[in-house]
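Here the structure is laid out as structure tokens; the discussion comes afterwards.
The values are calculated or read from the model by the stated rules, or taken from the named source; none is laboratory data. As the structure is a prediction and not an experimental result, all values here were calculated from the model. Cβ placement follows ideal geometry from the backbone for every residue including glycine, while neighbour counts extend to all protein chains displayed. The protein model used for the area step is the full one, side chains on, heavy atoms only, and it has no ligands, DNA or RNA in it. Shrake-Rupley method; radii C 1.70, N 1.55, O 1.52, S 1.80 Å.
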Amino acid sequence: MQAKTSPVFQIFEQQHHEAKLLFLDLGKQVKSKKAIELLSKLEFVELYTELMEKIHQGQGNQAHASARPFSNLNKALRKIHHLKLVERSIKLKIQRSDLVFDSFRSYVEIEKRKIQKEVFEIAVGGSLKTWDENLEKGKGFSKGVKPLMISTAIHQLVTEELEFLNQNIKTPFETGNFRDLFESLRRIIMMENLLIHLGFNPIFIAQIHDEIQGLKENLKPWYSNHLNLQALTHFISSKESVSKKYVDWLKELKDQKKSLSSDIERQALSLLKKISA
């Protein structure tokens, strides 16, 4: 009798199918919206792969561990997302200040086109065989996987995320700490949702889950500020002279980052203390 596939394989299959269609669309024309949608799909695909690896490693099977086939695509899509956030920041700044920042906006647009070209070349040059093989591999390693096995693996991965955060995030926070925190919270939320989908109780009570979600959302303004500050710094450093409005904006962004960082640090330490107890 043929073994049944994992009860969450259908979610993986659907996300994988939608990701493949978006990938094909990017081979025709790269649009930021579809690139960001594809990034979200790939994040789930990669997490599911990691989850299956954890299960098979627990059974003494190392065969599933492999390089991520979409890592280059993932990195390029993430850059598009970052530049899209910078574009939004510029638009908001213009609306609030009634100033124009055409040269900086042009600089960001040029950078975005470079990354869009990179994504287009990956999409056109990529083989659909990679997608098909990834799907078949996911299906193969989903066979015979029971809900309780998935639950156990999720608990292990969440524990690893918390251990990583507790070991690596120290006060005062460094820039990389904020990125690590956001990524870990994103992964924990996805795994909690999988548990609920399977009919299991979530790892954390509703109040803590809401705090995790809230902190993740509060990290978004920090991330947007950081990316805008980074892009504006690079832009200014490439110029022999810049107008005062750019220097003033840079100072404003630095002040905002200090304030946002302080708030996030306080919330994060409080949350980590609760969920790591």
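Flag: I115 matches the condition of being of a type outside the set (K, R), buried (at least 16 other Cβ atoms within 10 Å of the Cβ) and free of Cβ contacts under 8 Å to residues at least 40 places away in the same chain. Name the single residue, out of those in the range 1-29 being out of contact with any Asp or Glu (no Cβ under 9 Å at 6 or more places or on another chain), open to solvent by less than 40 Å² (accessible area, probe 1.4 Å) and aliphatic (A, V, I, L, M), that is nearest to W131 (Cα to Cα). Among those residues, the one meeting the criterion is L26. Among the residues of the range 147-156, those identified as open to solvent by 40 Å² or more (accessible area, probe 1.4 Å) and without any contact (Cβ under 8 Å) to a residue 60 or more places away in the chain are L148, H155. Checking each residue of the range 76-99 against the condition of being over 24 Å from Q256 (Cα atoms) and either modelled with pLDDT of 95 or more or out of contact with any Lys or Arg (no Cβ under 8 Å at 6 or more places or on another chain) (or both) gives at least one match. Residues in the range 214-227 that are open to solvent by 60 Å² or more (accessible area, probe 1.4 Å) and under 19 Å from R187 (Cβ atoms): E217, N218, K220. Would you confirm, using the coordinates I've provided, whether S151 is under 17 Å from L47 (Cα atoms), touching a helix residue (DSSP H, G or I) at 6+ places or on another chain (Cβ under 9 Å) and small (G, A, S)? Judged against the criteria, S151 is a match.
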